[in-house]
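No lab work stands behind these numbers, since they all come straight from the coordinates. All figures in this text were calculated on a predicted structure; none of them were measured in a lab. All Cβ positions, glycine included, derive from the backbone under ideal geometry; neighbour counts span all protein chains shown.
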2 protein chains.
Amino acid sequence: MIAWKNMDTLTAYQELQNVERLDLRTAMSGENGAERVKKYSVPMGEGLAFNYGARAVDDKILEALAKLAEEAQLTEKYAALYNGEVINTGEKRRVLHHLTRGQLGETVVADGVDKRAFYVEQQEKIAKFVQKVHAGEITNAAGEKFTTVVQIGIGGSDLGPRAIYLALENWAKANNTLKMKAEFISNVDPDDAAGVLSEVDVAHALFVLVSKSGTTLETLTNESFVKDALEKAGLDPARHMVAVTSETSPLAQNAGYLAAFFMDDYIGGRYSSTSAVGGAVLSLAFGAEVFAQFLSGAAEADALAKNPDLKGNAAMLDALIGVYERNVLGYPSTAVLPYAQALSRFPAHLQQLDMESNGKSVNRFGEAVDYVTGPVIYGEPGTNGQHSFYQLLHQGTDIVPLQFMGFRNSQMGSDVVIQGSTSQQKLCANVAAQIIAFACGKDDEDRNKYFAGGRPSSIIIGDQLTPKALGAILAHFENKVMFQGFVWNLNSFDQEGVQLGKVLAKRVLAHETDGALKVYSDLLNI
Amino acid sequence: MIAWKNMDTLTAYQELQNVERLDLRTAMSGENGAERVKKYSVPMGEGLAFNYGARAVDDKILEALAKLAEEAQLTEKYAALYNGEVINTGEKRRVLHHLTRGQLGETVVADGVDKRAFYVEQQEKIAKFVQKVHAGEITNAAGEKFTTVVQIGIGGSDLGPRAIYLALENWAKANNTLKMKAEFISNVDPDDAAGVLSEVDVAHALFVLVSKSGTTLETLTNESFVKDALEKAGLDPARHMVAVTSETSPLAQNAGYLAAFFMDDYIGGRYSSTSAVGGAVLSLAFGAEVFAQFLSGAAEADALAKNPDLKGNAAMLDALIGVYERNVLGYPSTAVLPYAQALSRFPAHLQQLDMESNGKSVNRFGEAVDYVTGPVIYGEPGTNGQHSFYQLLHQGTDIVPLQFMGFRNSQMGSDVVIQGSTSQQKLCANVAAQIIAFACGKDDEDRNKYFAGGRPSSIIIGDQLTPKALGAILAHFENKVMFQGFVWNLNSFDQEGVQLGKVLAKRVLAHETDGALKVYSDLLNI
């Protein structure tokens, strides 16, 4: 029997606060530090390891966290989720994104359909369509192949697929599997669509319109923008567009699209990269086999997250250490720092994933909670960030926990030796160095050159950023966020906080405003 | 006589803490709210206004902030800075980036040179070179025109110029002044250079190598990478490269470059966009006249920042309200939210500008301070952010002050009417709506749909994001950060916090490691 309880009512949470804190600087020094780094490592699937040697925990704290995981019934709640319970209490929906990449538990039947079978069916439909596009069997009206795919979507229909495309674009080039370039139009700012269209050969572009409800204003507006451009170029929009939507949306049975691929209400936007939302654009760009590899990596990480033993469960560990940092140590933000240029937009995806899921003040029953929840998430790739905001991370007045990622090999394999090392070695040397600099600091009589240390981090280490590895990393963070939501007793799967702005924006456009809103509207000439 | 004092020793700061706090939700409601928005607006130059109606201040708090500005001698310190005093105490350097765009005070002579004249001379040298490139007088060895400019630099040599290029690319297209496309290589990750080069026609590419010292490891490594690629393509690197560096650097008098343009030690990387660091690449991309417009906008904002009357000085107001939010209200981060897709990377530039300048724990004399300093800065363009992390901003447990920007007109002028409004109107309606939603919130019996409000924001409003407007916005934030550094008694112009990581990375590459650093190095196969 699952009990959904606020974190501050759990005995283990009370106990956690009384466990002696770790002096990270001391713990990470000398041979003791070496032992920690060797010991505090757990597999994440696909040859990846989650190394938490430099997080501010020790065996005693981990023991307390394990008790918290047990009392909060994290494993049971995860099972309830993937077995189809209505975990999204606010919207009264199941939460089934895991089924897009594997069958973790029981068969889930919803609306009379085996949902795993449904998601697989959509993947197969996409794969067949994509194959025809790549083979030149589905072409533009002139019988010419499509060369570019342009995703039109916003939020979860944009950030995840875009981050994944960028993460694998160079890998695909190096592996001769870049079938079509992908571009993305998201913002209602007309310069977004106009700018992208000015760079794209529209006659050979296939547009993927993504909107679950078929009513997202930004996306429908950008669709019209694109249709206008196609018509002005003498092209038939219906020959250049596919839809990704729910079966009940107005886009589903619509002659305006070459094809429609379906997702459903059980997959939230920010968790939809492994559904048709990511599947269509990524399969068109890289081939369906590559997308399948990506899914298999995610499936492997999902399976590892079932492990009830905290020390063998990377996602759960990452989640609980994060809760400890947020609620016991009081750190308000977390930085995501991948040492891979390919992951340049991955922090932006995690920002949505985390902040939209757990940036909440009420529990899953709509009652205010008395503790802080989701932190602010931000980040940029290393080494770029080192030359930017790391100054504050090292010597600022606040401590920011860090989530590093690093890979032994580059994606493209092209490199150069300068001062006795390759660029890839320099990249890896920098991330290793940063972990120690943050943890151990440096004494100096000149306080301006003094580093206090004690700044915690973890690192995900892999061989190479492949589709499989990326899938495992994505699922790791999805599951981390899910576990944190369970600990905080939140509903991590709705987003009521986005509604008020929409309502007020409609009022502005209808000129039904007064007070300050009217003044701002006037200032902006609306 | 200027007195450099810690903030907590100032009488005005003590008084500020005792001033009654504002109930923003009430203050922004009804006609009172309308009056605030009309009243709390100040010109920023170039037709821009800084509107702080929705920040958590009122006349009493503003009066206390004005006293703080006076006691902290902000106007006097700004004058000392632009008149050439050694404000960068850590590195014992003057701070002269304002002179790249205008003469604000006395003639500054350093190293026997009138520095304003020196910066102007570099701009003119760049303009002449650029004109020859655009006219086809300087070409590749085959006598063909260069079509692309590729900046090689990191940190301030990358983030600012890149953000500005992206901000003006569509404007330049619409105004027929996009002379060359620009690309950027920054990361030591070899996939960065390899990825960019795989997209660029190197035979028609001109590379701008930017390193003040001529010793930045990432940049020199990427230069080698590019030279390799040029040589492999049968091209002479010396015909494809220019350098931006200091006169004393090894790159300065070097036959390996078509030309060298100079900056100096008085301009920090993050303040260098208006120097040759931004000037070369942006003039090549858009023409020197466009870059000159950008500088004139910055100069106008710089002049406005001299105003000793707080209520007429947008940069000083923004700075002091920020200090109030950080030190009195205790908010740890600030989000930058431009409603313009063109500003997609501007938050990343401000992240460096702010966090690298003021993310410090010691004052300008190297003594630890007892108050928090620079906040975490992050952001994404709207409306995209609304579909991402705004959930936390609206309903999370922490309050995040917001810095909006909005423009009445788009850059490209291409638009579409859907449901009775243009995309541009929808964009503007959304930012107006968000300000009110954050400030006023919404009651609801369902706590899940309840918005507490009281979340402060300001907005910079302009007609259009032109080069001049962008220059004024850039200078606004530079001056804001400078004023905050003055209040906190920091040296905002050094970055000792980036040194330790460099030292340790060298040790890793030399295999001179032990303890935890050795284990990480082994795990990463270095």
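Looking at A:102, A:113, A:129, which one has the Cα that reaches farthest to the positive end of the dipole of region A:81-132 (charges on Cβ: Lys, Arg +1; Asp, Glu -1)?
Positive-most Cα among the choices belongs to A:129.
Evaluate E = 1/(1 + (r/R0)^6) for residue B:452 and residue B:114, where r is the Cβ-Cβ distance and R0 equals 60 Å; express this FRET efficiency to the nearest 0.05.
Efficiency, from the Cβ-Cβ distance: 0.60.
Compute the distribution of all C-alpha to C-alpha distances in region B:115-290, in bins of 5 Å from 0, and list the percent of pairs in each, rounded to whole numbers.
2, 9, 19, 24, 23, 16, 7, 1, 0
Quick check on region B:328-409: take the gyration tensor over C-alpha atoms, sort the square-rooted eigenvalues as a ≥ b ≥ c, and tell me if it's rounded (a/c under 1.5), prolate or oblate.
Numbers: a/c = 3.12, a/b = 1.68, b/c = 1.85.
Verdict is oblate for region B:328-409.
Over the whole of B:457-467, what's the average partner chain Cβ count within 10 Å per residue? Rounded to a whole number, please. Intermediate values should be presented prior to the final figure.
Numbers: counts 0, 0, 3, 0, 4, 0, 1, 0, 1, 0, 0.
Going residue by residue through B:457-467 and averaging, the value is 1.
Shape call for region B:134-206 from the C-alpha gyration tensor, a ≥ b ≥ c root eigenvalues: rounded (a/c under 1.5), prolate (a/b greater than b/c) or oblate?
Details: a/c = 2.14, a/b = 1.15, b/c = 1.86.
The shape class here is oblate.
Which of the listed residues, A:53, A:197, A:358, is farthest toward the dipole's positive end in the protein assembly as shown, when Lys, Arg count +1 and Asp, Glu count -1 at the beta-carbon?
Final value for the positive-end residue is A:197.
Obtain the nm distance between the two label points defined at residue B:463 and residue B:443 by a simple spin-label model: each point lies 7 Å from its Cα along the Cα-to-C-beta direction.
A separation of 4.4 nm, rounded to one decimal place.
What is the magnitude of the charge dipole of region A:405-526 about its Cα centre, with +1 placed on the Cβ of each Lys and Arg, -1 on the Cβ of each Asp and Glu, and no other charges, expressed in debye to the nearest 20? If you can, show how the numbers build up before the last one.
Working: 12 positive and 12 negative charges, 36 e Å.
My answer is approximately 180 debye.
What is the mean number of Cβ atoms from other protein chains located within 10 Å of the Cβ atom of each residue in peptide B:33-41, rounded to a whole number? Let's see the in-between values first.
Values: counts 7, 8, 3, 3, 8, 4, 0, 0, 2.
Mean number of neighbouring Cβ atoms from other chains: 4.
For region B:414-495, what is the number of Lys pairs with C-alpha distance below 28 angstrom, counting only pairs 8 or more positions apart or on separate chains?
Lysine pairs meeting both conditions in region B:414-495 amount to 4.
Using the Cα centre as the reference, give the magnitude of the dipole from point charges on the C-beta atoms of chain A (Lys, Arg: +1; Asp, Glu: -1; all else neutral), rounded to the nearest 20 debye.
Working: 47 positive and 62 negative charges, 122 e Å.
The calculated dipole for chain A is roughly 580 debye.
In terms of Cα to Cα distance under 14 Å, which aspartates and glutamates are near enough to residue B:518, apart from those fewer than 8 places away along the same chain?
Within the straight-line limit of under 14 Å, residue B:518 reaches these aspartates and glutamates: A:31, A:35.
What's the exposure ranking of A:97, B:511, going from fewest to most Cβ atoms within 10 Å?
Taking fewest neighbouring Cβ atoms as first place, the list is B:511, A:97.
Take every Cα pair under 8 Å in chain A that's 6+ residues apart, average their separations, divide by the length, and report that relative contact order as a whole percent.
The normalised contact order for chain A reaches 20 percent.
Report, to the nearest 10°, how far helix A:190-199 tilts away from the longest principal axis of the Cα atoms in chain A, using its own Cα long axis and a range of 0 to 90°.
Value to nearest ten degrees: 80.
Can you work out the FRET efficiency for the pair residue B:106 and residue A:11, with r the C-beta to C-beta distance and R0 = 51 Å, to the nearest 0.05?
Details: r = 69 Å, r/R0 = 1.35.
Using R0 = 51 Å, I get an efficiency of 0.15.
Between the helical axis of B:467-488 and the dominant principal axis of chain B, each derived from Cα atoms, what acute angle in degrees is found, rounded to the nearest 10?
Between the helix axis and the principal axis of chain B, the angle is about 70 degrees.
I need A:189, A:522 ordered by Cβ neighbour count within 10 Å, fewest first.
Starting with the residue having the fewest Cβ neighbours, the order is A:522, A:189.
For chain B, give the share of DSSP beta bridges that are antiparallel, in percent and rounded to the nearest 5; count only bridges with both residues there.
In chain B, DSSP labels about 30 percent of beta bridges as antiparallel.
Tell me, what is the FRET efficiency for residue B:63 and residue B:83 to the nearest 0.05, using R0 = 30 angstrom and their Cβ-Cβ distance as r?
Using R0 = 30 Å, I get an efficiency of 0.55.
Given the C-alpha centroids of region A:489-525 and region B:24-100, what is the distance between them in whole angstrom?
28 Å
By its C-alpha gyration tensor, with a ≥ b ≥ c as the square roots of the eigenvalues, how is the protein assembly as shown shaped: rounded for a/c under 1.5, else prolate for a/b larger than b/c, else oblate? Let's see the in-between values first.
Values: a/c = 1.23, a/b = 1.14, b/c = 1.07.
Rounded is the answer for the protein assembly as shown, as its axis ratio a/c remains below 1.5.
Distance between Cα centroids, region B:386-456 to region B:107-136: provide it in whole Å.
Centre-to-centre distance over Cα atoms comes out at 44 Å.
Given a cut-off of under 8 Å on Cα pairs at least six residues apart, what relative contact order in percent is computed for region A:413-502?
Over region A:413-502, the number comes to 13 percent.
Which of A:227/A:506; B:39/B:77; A:39/A:67 have a Cα-Cα distance over 26 Å?
B:39/B:77
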